[in-house]
Each structure stands twice: as structure tokens, then as C-alpha cells.
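Structure record follows, encoded as C-alpha cells.
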Amino acid sequence: MNKIGFNVLAWSAEMSENLLPVLDRLKKIGYDGAEFFIGGSPEESFKMIGKHCADIGLEVTAVTVMGPEQNPISPDAKIRAAASEQLKWVIDRAVDLNAQVLCGPYHSAFTVFASREPIEDEYNWSAEVLHGVGDYAKDAGVLLTPEALNRFECYLCNTMGQLSHLLKKVDHPNVQAMFDTHHANIEEKKLGDAIKFIAPQLCHFHISENDRGTPGSGHVNFDETFQALAEVKYKGWLTIEGFTRNDPAFANSIGVWRNFSEPWDMAENGYKMIREMGEKYGL
């Protein structure tokens, strides 16, 4: 079966010893891995968390975002250069974590809009940045999987069609696609069709409910999702990403104003749902 992960942003965006008992319990539930946000935590904390995961046999993936001063699609070449340097720093921290995959919407800056549709220059600028860090990530043993987000969080890549368009311009074997059922539930016509479309480039997958609560408790069509994943013979991670108010600073930054589900409800019942769907559709 595909490996199952859980994104610890449900508890905190910060890397600290407070996450250690969370990781121990995730391992006990049966998770194969945990996913961590790479942001402004002290550099040494990434190694500490990475070592603990290795000690308990928990694999690692990671996620990051870009800010306006490191925007890969800025018309300012200096800002694009800063984006490249930031991504290299993030990749170094992914190495500290022993992370296999770095996902997220780092093709462009999070919640930075131009009040118009994306232009081809922006796809070209993003592709140049991503191609440039592709070799750096490959040498580090980290696969890059940029993510399409919903229209309220970015404008460059909302759909699998736009993400595929970008990745064809990137043209790097170490830069592939990820899929998130929360964003796709907003932007795609049919989840199954979108999964089949992006399948040749698909290397990472977020299991997320429409409200970011416990997977299986809302209206995302997970039968359609898992049937499509089975049809395309997807072999990558199935990682739950759900959000809470537990880390107020992070919650405020992404517009999370209430708890959708408790973290352990997400973790325990979400894991059960993925196992049941995996068995049902032969993943």
C-alpha cells in the first residue's frame, strides 16, 4: 500500500521538542511518515526533529511557502534571485530533516496577487527558478513537488492544467507535481479527471477535506479520488493535511478562524479512512 503521512501543522508550524510526543503517537497509530513546515525555526531544530523521526522509524516529507520578498514570479530579477537562495536554504533544512519530498506552492509567493490573470512571463520566471534549484535538490536527494492552490491563495497555478503547463516549462526530472484534494475540490470540475490528467507528473498527494477537517467527514469525493489513484497506479505518499487554531500565528496567516476538527480526530479517523479506501480500491 502507499505510504501514509500526517502533516503536523495541525499542531504547530514551529520545530520544537513539543512535537516529539506527537510524532511518537503518530508512529503508534501506524503512520509511515510525518510532514513538517520549513519556515523560520532555528536551524538546529530541524536536525533534532529529523534525528527523532529516524530513531522511531518515521519517514519525513516537508512543505514550504514563499513570501513577497522571495517571489519566483516577481518582475524584479533580484527578488527572483532571493527566491532561488531561499529555496536552497529550505532544501538544506529538508536534508536536516531527512525529508524525501519538498511540496508546497513555492512556484509563486503565497497570497500575493496582481489583480489580473497570470501572464506567460510569470510562468517563465517561475520555471527558471524551479529549474535552477532542481539540480540542487536532486543532489540533496529531495524531490520537488510544487502545488496548485485555490484562487484565494494564489493565481499562478490553481488547476492541474496550469501546474502541468508550468512543469513542462520547468522541464526537470526532479521537479514534479503534487495534488491536494482541498484545493482541487474548489478548482477542478472532477477530481478523478484531474488526477488522471496530472498522473504522468504526479509524485505527491495531500488528502484534505473540503473544510480542512477530518478526511471523510465532509463532501470531498474520496471514492472518486481513490479509484482514480488506483487507475493511474499512483505509488507516492498519501499525506493528510488539516488545519486548526493550535498555532495562532500560522492559523492567522492562512485564514483559519475556527477549529474544523481536533488534531487527533483527524489523525486517527483520517488514517482509518485512507486504509479502508486503499483496501477498497487496491492501492
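The values are calculated or read from the model by the stated rules, or taken from the named source; none is laboratory data. What you see is a predicted model; the values in this text were computed from it and never measured. Cβ coordinates were reconstructed from backbone atoms using ideal geometry, including for glycine residues, and neighbour counts include every protein chain displayed. Heads up: the accessible areas ignore ligands, DNA and RNA and are worked out on the full protein's heavy atoms, side chains in. Shrake-Rupley method; radii C 1.70, N 1.55, O 1.52, S 1.80 Å.
Below 9 angstrom from the Cβ of ALA99, what's the summed charge of the other residues (Lys, Arg +1; Asp, Glu -1)? Spell out each step's value before the answer.
On the way: positive: ARG93; negative: GLU35, GLU59, ASP96.
Once all neighbours under 9 Å are counted, the net charge is -2.
Do the alpha carbons of any pairs in LYS138/LYS168; LYS28/LYS272; LYS3/LYS47 sit beyond 20 Å of each other, and which pairs?
Numbers: LYS138/LYS168 18 Å; LYS28/LYS272 13 Å; LYS3/LYS47 23 Å.
From the list (LYS138/LYS168; LYS28/LYS272; LYS3/LYS47), the Cα-Cα distance tops 20 Å for LYS3/LYS47.
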Specify which residue in the list GLY282, ASN7, LEU143 is farthest towards the positive end of the charge dipole of the chain, using unit charges on the beta carbon of Lys, Arg (+1) and Asp, Glu (-1), about the Cα centre. GLY282
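Take each uninterrupted DSSP H stretch in the chain, measure its Cα extent along the helix axis, and return the ones at 20 Å or beyond whose mean Kyte-Doolittle hydropathy is at least 0.0. Walk me through the numbers on the way to the answer.
Numbers: long enough: 43-56 (21 Å, -0.34); 77-97 (30 Å, 0.07); 120-140 (30 Å, -0.91); 263-281 (26 Å, -1.25).
Those that pass (Cα extent of 20 Å or more, hydropathy at least 0.0) are 77-97.
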With 5 Å bins from zero, work out the P(r) of the chain over every alpha carbon pair and list the percent per bin. 1, 6, 13, 18, 20, 18, 14, 7, 2, 0, 0
Kirkwood Rh (inverse of mean 1/r, distinct Cα pairs), region 194-235, angstrom: 11.0
GNM on the chain, Cα springs under 10 Å; top mean-square fluctuation among ALA82, ALA249, ALA177 goes to ALA249
Need the full-extension length gain, GLU231 to ASN259, defined as separation in residues times 0.36 nm minus the C-alpha distance. One decimal, nm. 6.6 nm
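For the chain, report the accessible area per residue in Å² (1.4 Å probe, heavy atoms, rounded to an integer).
On the way: 11640 Å² over 283 residues.
Accessible area per residue: 41 Å².
What percentage of the solvent-accessible surface of the chain, computed with a 1.4 Å probe over protein heavy atoms, is contributed by carbon and sulfur atoms? Numbers along the way, then the final one.
Working: 5670 of 11640 Å².
Carbon and sulfur together cover 49 percent of it.
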With charges set only on the Cβ (+1 for Lys and Arg, -1 for Asp and Glu), what does the dipole of region 49-112 come to about its Cα centre, in debye to the nearest 20? 120
The computed P(r) of region 1-123 puts the percent of Cα pairs beyond 18 Å at 54
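Averaged over all directions, how much area does the convex hull of the C-alpha atoms of region 174-283 cover when projected, in nm²? Don't skip to the end; give the middle numbers.
Values: hull surface 28.5 nm².
Over all viewing directions, region 174-283 projects a mean Cα-hull area of 7.1 nm².
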Skipping prolines and chain starts, which residues have an amide H placed within reach, meaning under 5 Å, of the one on GLU35, given they are 5 or more residues away or on another chain? PHE6, ASN7, VAL8, THR61
